[in-house]
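In what follows, a single structure is set out as structure tokens and then discussed.
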Amino acid sequence: IACLQLMDTAKINEYIKKAIDSGDKDKIEGILRHKSVRDLAARPVLLNIISETYDDLKDLPDEEVSLKKLYDIYTSKWINREEDKGLFRVLINADEKLAFIVLLAVQMHEQDSLKVHFSVLDKLIRDRFGIDNQKKVDHFSDDIRTCAFLNRDDQGNHAFIHRSFLV
């Protein structure tokens, strides 16, 4: 997985053709014309985000298509799907998750860093949610990392899977 190559235009188009059952080729090309969206499309996992949000993006005027809009749509769907699976999976409600992810992104921006150590993440969770039990912190941390698209490296640092998630 670490060695996945970026996809070229032909591979992106092939994936889109298979993933999106639409005769509206012009609209797909219009969405992919946005430089930031095209950059995402070169990454296989992130191209899936584009295909998953296509039905919601296709009716927007071109000037409203953006990474922010794409992420808003995708994360809302994901959070709602997770909540629909049952309360046992929901440690933090959708609004609190979003607020925490914004807090995390702002902190990373203010520290001019693209990563945060797990100990800092745990401290933020403790402070934000008033938790003192490490087992609960671990559960909340897992929930946050999953919904925020965070990866962990060998040194225990977490980073968003793509820099654009900081937008």
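The values are calculated or read from the model by the stated rules, or taken from the named source; none is laboratory data. Predicted, not measured: the structure shown is a model, and the values here were computed from it. All Cβ positions, glycine included, derive from the backbone under ideal geometry; neighbour counts span all protein chains shown. Ligands, DNA and RNA are stripped out before the accessible areas are found, and what is left, the full protein with its side chains, is counted by its heavy atoms. Shrake-Rupley method; radii C 1.70, N 1.55, O 1.52, S 1.80 Å.
Computed quantities for the displayed model
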| quantity | calculated |
| --- | --- |
| Pair list, Cβ under 7 Å, 6 or more apart: the range 126-144 residue without any contact (Cβ under 8 Å) to a residue 60 or more places away in the chain, other residue open to solvent by 80 Å² or more (accessible area, probe 1.4 Å) and not in a helix (DSSP H, G or I) | R126/D132 |
| Subset of the range 36-50 (residues that are open to solvent by 10 Å² or more (accessible area, probe 1.4 Å) and either modelled with pLDDT of 75 or more or touching a helix residue (DSSP H, G or I) at 6+ places or on another chain (Cβ under 9 Å) (or both)) | S36, R38, D39, A42, R43, P44, N48 |
| From the options L91, L103, residue that is hydrophobic (A, V, I, L, M, F, W, C) and either at pLDDT 80 or above or open to solvent by 90 Å² or more (accessible area, probe 1.4 Å) (or both) | L103 |
| Answer residue from the range 51-67, given it is under 12 Å from H34 (Cα atoms) and assigned to a helix (DSSP H, G or I) and is least open to solvent (accessible area, probe 1.4 Å) among those | L67 |
| Failed criterion for H109 (all others in (1) at pLDDT below 85; (2) open to solvent by less than 70 Å² (accessible area, probe 1.4 Å); (3) of a type outside the set (S, T, Y) hold) | (2) |
| Residue in the range 19-30 that is surrounded by fewer than 18 Cβ atoms within 10 Å (Cβ to Cβ), at pLDDT 75 or above and assigned to a helix (DSSP H, G or I) present | yes |
